[in-house]
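Q: My questions all concern the structure below.
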Amino acid sequence: MPTYVYDFSEGNKGMKDLLGGKGANLAEMTNLGLPVPPGFTISTEACRAYLETGDEPDGLRDEISEHLTALEKERGKQLGQPADPLLVSVRSGAKFSMPGMMETVLNVGLNDESVHGLATQANDERFAWDSYRRLLQMFGKTVLDIDGEAFESALEEAKSRAGVANDVDLDADALRELVETFKQLVEQHSGRDFPQDPREQLDLAVRAVFESWNAPRAILYRRQERIPTDLGTAVNIVAMVFGNLGPDSGTGVAFTRDPASGAQGIYGDYLQNAQGEDVVAGIRNTVPLADLEGIDKQSYDQLLEIMEILENHYLDLCDIEFTIERGKLWMLQTRVGKRTAAAAFRIATQLIDQGLIDEDEALRRVDGAQLAQLMFPRFDSDAEKKRIATGMNASPGAAVGRAVFDSYTAIKWSRSGEKVILCRRETNPDDLGGMIAAQGILTSRGGKTSHAAVVARGMGKTCVCGADKLDIDTKQRQFTAPGGITVDEGDVISIDGTNGEVYLGEVPVVDSPVVRYFEREIEPDADELVAAVHRMMTLADDRRIMRVRANSDTPEDSARARRMGAEGVGLCRTEHMFLGERRKYIERLILADSDEEREDVLATLLPLQRDDFVGILEAMDGLPVTVRLLDPPLHEFLPDITELSVRVAVAEATGDAHEGDLRLLQAVHKLHEQNPMLGLRGVRLGLVVPGLFTMQVRAIAEAAATRIEAGGNPVPEVMIPLVGAVQELELIRDETVKVLASVRERTGVELKIPIGTMIELPRAALTAGRIAEAAEFFSFGTNDLTQTTWGFSRDDVEGAFFSAYLERGIFGVSPFESIDVEGVGELVRYATRAGRAARPDLKIGVCGEHGGDPESVHFFAEVGLDYVSCSPFRVPAARLEAGRAVV
Ligand code: PEP
Ligand code: MG
């Protein structure tokens, strides 16, 4: 039979899995000889067993009895003993801190008799009755599931009857009466009496803490924080100490460093004559911790000493909860403290300088998600805000501007110097111009991989998507929000892509110095935070094996990516090069009747494409640029089928129909697909639209030749998308090789351009060994690979059922956001192994959205990929995470 209960002296800080964070750290402090009230911890294993069967596991009761007896012996009194009761707290404590999510019951052991004993021992009637009413209240709420409101309103009534405003002003008699009322409430609401047997109180409280693991708010919190659902919580039984026994008692919190900035000093708050929950409830104002020196110098000095011991022991910022009971200091909790992203970087470097940790350890103390947080502009947290809706935090940042409802207005207004927010129900490639022009994008539909979200992230542009409480009416140029709020075109709104909130009016924004540093606008020693970031980046770059490239399709983005540390372009999507003005050429290409006509269009497109590539190759001179041949279905470049049908019908009715429109409509019908994402796209396009891919390859080769002639060092690579079978790749590769040879011959410039493929279909991953025979490199397209492995449409799925999936724990985070290691990740592993077995020098990267997600980057580094490629803005976080993956 496993051991379920551990005395504080039996544990240590490494036992968080079993004892939870609080229990493990109480044990650690006990063993350091610090003043911790005695107690013991019931393990998470017991909780898991309880949650499985709905009953305490065999032996648990006896183990608790044994430890309780030992505790009673140590304190020299017994639980709930009438004359001088031992009281205990029953506190939850999971492996990961879940502040306020689970339950605690204090003062267990009080009953109608022992309350008198406590009054005598403490020499304080009021204190004893107040403690009893707190137990009734917490027990009623937590253990017996009674609505807390019932107790609150009884308390309010008691106060108004006594004519006082604060709980602390209720005297002993009033509290005695309140205890009677609370007991009645318990009986009325739960159908049972408040248990007078102290051991029964304890056992029921332990059960309640176990059960609180599955309380809805705890489930929600775990989902948000990505904490596994099956860990369970430990339960700590601790001898009560009281901070509310008079002016020489009190309670407080302390930090060994400022958790906001990382600066060393005396940080924390203290509240005299109070218990921990009073601090949380904000009943009275706390004083700064430094004031404790004047109140109780001895305890203050001891606390500072302990803080130093803890920092030197944990080698990190610690936060502490303590209580002073009649001049005696007790430590109730410590843990390595949460901190802001800025503090994490600063503390990591401070600790190296203090010689407390080495550089590798410092790198482990920060992460890519924190760095990403530091890079986005943000709203001033002190500013007043009027929130009107909340959507999904699709692309972080803080954007303010006038609401506009179409791309055209966005561009027009921004040209005249207006800042705008593009508001759409959802976006499509037509909105691109407006998205570029806007400060931010707000949609009422679609999830984190909707067009708006993906494109916005790619551009580093703030985006809130799927704010479904907003009714966006692009025709009326307005949207309405709950509460009768209407926002018209031109009204100023603010959107926060970091938390998904939408505000009315202008919220002031503060710039990120970290981005200015990466953009090389300010020096690495500009301020303490920037210096810390610079130092950690240097450590990461020195260590990482995996390279980081950027997804970029313009010279400007490529140049920015390079400033951010990108070591090439891993994905240059060419579809954006066929939009806007050039869309008409694609129309002509599709409608072409003869080879001649088709060749004519391609000849027009060739120099345009070439110039696109020249600019990018120049910006990335000396570094690889992987150009992907056209991928999306052709219909994306054609007019909407419904709109065109209506136009043609109207024209026909008025006798105004044009031959061109009719042919276009026919073509649109022909190309219309039910599932375009699974249709005529990628390599399939290259195989059925003659000349399209070869034109693109020619443009790449000629651009390279142009750059070489200009004295540059272009390193282009040709990438074929959506390959599922080696035969597809072979056909396109053979054509590509021919084109490269002909350009070489014509220009006389020696070109060595590798030809590779995307691995973005399960079949490609499963036949990677075969495919590698025809490919010089692989790039995992994890967006499509996720879509096709799960069978989820990346454009529709999040709004439709992801929230249900997240709620029910099918996955903790969208597989489009963070790589699904078990499924899609396994395909990546397999294809990498198979590909390298067939071709040992195969270069392998990833260019899906996951290439910029810190957790996924970590995974790709472990798998041994050569590089990840992500949007320019995510390059620094990917560099950092690639470094962290090897320490
Ligand atoms: C992918 O599928 O992961 C990819 C990078 O290609 P796209 O997102 O353009 O389909
Ligand atoms: Mg793809």
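Q: Could you order the peptides 395-402, 411-418, 823-830 from most to least packed, using the average number of other C-beta atoms within 10 Å per residue?
A: Values: 395-402: 24.6, 411-418: 13.9, 823-830: 19.5.
The packing order, highest mean first, is 395-402, 823-830, 411-418.
Q: HN-Hα J couplings of region 734-743 from phi, Karplus 6.51/-1.76/1.60, θ = phi - 60°, integer Hz, Gly and Pro as x?
A: The phi angles translate into 4, 5, 4, 4, 5, 4, 4, 5, 5, 5 Hz.
Q: Something else: By the gyration tensor of its Cα atoms, with a ≥ b ≥ c the square roots of the eigenvalues, what is the shape of region 44-239: rounded for a/c under 1.5, prolate for a/b over b/c, or oblate?
A: Values: a/c = 2.09, a/b = 1.34, b/c = 1.57.
Oblate is the answer for region 44-239, as a/c is 1.5 or above yet b/c matches or exceeds a/b.
Q: State the percent of C-alpha pairs, over all pairs in region 355-500, separated by a distance greater than 20 angstrom.
A: Looking at region 355-500, the distances longer than 20 Å represent 46 percent of pairs.
Q: Specify which residue in the list Pro198, Asn214, Val238 is farthest towards the positive end of the charge dipole of region 155-274, using unit charges on the beta carbon of Lys, Arg (+1) and Asp, Glu (-1), about the Cα centre.
A: The residue sitting most towards the positive pole is Asn214.
Q: If the reach is capped at under 16 angstrom between alpha carbons, list the aspartates and glutamates near Lys159, excluding any in the same chain fewer than eight residues apart.
A: Asp130, Glu149, Asp167, Asp169, Asp171, Asp173, Glu177, Glu180
Q: For the Cα atoms of the chain, what angle does the longest principal axis make with the long axis of helix 528-543, in degrees from 0 to 90, nearest 10?
A: Approximately 60 degrees, to the nearest ten.
Q: Using a 7 Å offset from the Cα along the Cα-to-Cβ direction at both Lys73 and Arg415, what is the distance between the two label points in nm, to one decimal?
A: 8.8
Q: Which of the three applies to region 37-152, rounded, prolate or oblate, going by the alpha-carbon gyration tensor with a ≥ b ≥ c and a/c under 1.5 meaning rounded? It would help to have the intermediate numbers written out before the result.
A: On the way: a/c = 2.12, a/b = 1.28, b/c = 1.66.
Judged from the Cα gyration tensor, region 37-152 comes out oblate (a/c at least 1.5, b/c at or above a/b).
Q: Counting other beta carbons within 10 Å of each residue's own, what order do His669, His189, His858 fall into, fewest first? Let's see the in-between values first.
A: Working: His669 11, His189 15, His858 19.
So the ranking, lowest neighbour count to highest, is His669, His189, His858.
Q: To the nearest 10 degrees, how steeply does helix 297-314 sit against the main Cα axis of the chain, on a 0 to 90 scale?
A: Roughly 40 degrees, rounded to the nearest 10.
Q: Note down the nm distance, to one decimal, between modelled labels 7 Å out along Cα→Cβ at Asp491 and at Ser9.
A: Once both label points are built, they end up 6.8 nm from each other.
Q: Right, next: Considering the dipole of region 250-339 built from charges on the beta carbon (Lys and Arg +1, Asp and Glu -1) around the Cα centre, which of Ile306, Pro259, Val287 is farthest to its positive end?
A: Pro259
Q: Turning to a different aspect of this structure: Between Asp473 and residues 5 or more places away or on another chain, which pairs have amide H atoms under 5 Å apart, with H built 1.01 Å from N, and which residues are they?
A: It is Gln478, Phe479, Thr480, by chain and number.
Q: Also: Can you tell me the dipole magnitude for region 583-701 around its Cα centre, using point charges on the Cβ only (Lys, Arg +1; Asp, Glu -1), in Debye to the nearest 20?
A: It comes to approximately 380 debye.
Q: Going Cα to Cα from Lys16, which lysines come in below 17 Å? Please leave out same-chain ones fewer than 8 positions away.
A: Straight-line reach from Lys16, under 17 Å: Lys95, Lys338.
Q: If you rank Met240, Met620 by fewest surrounding Cβ atoms within 10 Å, what's the result? All intermediate terms of the calculation are to be shown ahead of the outcome.
A: On the way: Met240 23, Met620 28.
Result, fewest neighbours first: Met240, Met620.
Q: On to the next question. State to the nearest 20 debye the size of the charge dipole of the chain about its Cα centre, where the only charges are +1 on K and R beta carbons and -1 on D and E beta carbons. Numbers along the way, then the final one.
A: On the way: 95 positive and 143 negative charges, 426 e Å.
Computed charge dipole of the chain: roughly 2040 debye.
Q: I've got another one for you. Run the quick spin-label model on Leu356 and Asp301: label points 7 Å from Cα toward the beta carbon, then report their separation in nm to one decimal.
A: 2.4
Q: Using a simple charge model, +1 on the beta-carbon of Lys and Arg, -1 on the beta-carbon of Asp and Glu, nothing else, what dipole does region 402-491 show about its Cα centre, in debye to the nearest 20? Before the final figure, lay out each step's value.
A: Values: 13 positive and 11 negative charges, 55 e Å.
In total the dipole reaches around 260 debye.
Q: Restricting to DSSP H runs of at least four residues, report the calculated mean residue ellipticity at 222 nm for the chain, -39500 (n - 2.57) per run over all residues, nearest 500 deg cm²/dmol. Present the calculation step by step, with values, prior to reporting the outcome.
A: Details: 35 runs with 403 residues, N = 887.
So the calculated ellipticity at 222 nm is -14000 deg cm²/dmol.
Q: Can you tell me which lysines have their Cα less than 23 Å from the Cα of Lys412? Leave out same-chain residues fewer than eight positions away.
A: In chain and number order, the partners are Lys461, Lys475, Lys584.
Q: Given axes a ≥ b ≥ c from the Cα gyration tensor, I'd like to know whether the chain is rounded (a/c under 1.5), prolate (a/b larger than b/c) or oblate.
A: On the way: a/c = 2.41, a/b = 2.04, b/c = 1.18.
Taking the square roots of the gyration eigenvalues as a ≥ b ≥ c, the chain is prolate.
Q: While we're here: Could you rank the peptides 850-857, 584-591 by their average count of other C-beta atoms within 10 Å per residue, with the highest value first? All intermediate terms of the calculation are to be shown ahead of the outcome.
A: Values: 850-857: 26.8, 584-591: 18.2.
Going from most to least packed, we get 850-857, 584-591.
Q: What do you get for the angle between helix 216-225 and the principal long axis of the chain? Use alpha-carbon atoms, 0 to 90 degrees, nearest ten.
A: 50
Q: Follow-up question, since we're still on this one. In the chain, with Lys and Arg counted as +1 and Asp and Glu as -1 at Cβ, which of these residues, Phe816, Val179, Ile700, has the Cα nearest the positive end of the dipole, that is, farthest along it?
A: Most positive-ward Cα: Ile700.
Every number in this text was worked out from the coordinates using simple rules, so none of it is lab data. This structure is a prediction, so every number in the text was calculated from the model and none was measured. Counting neighbours? That spans all protein chains shown, and the Cβs are built from the backbone with ideal geometry, glycine included.
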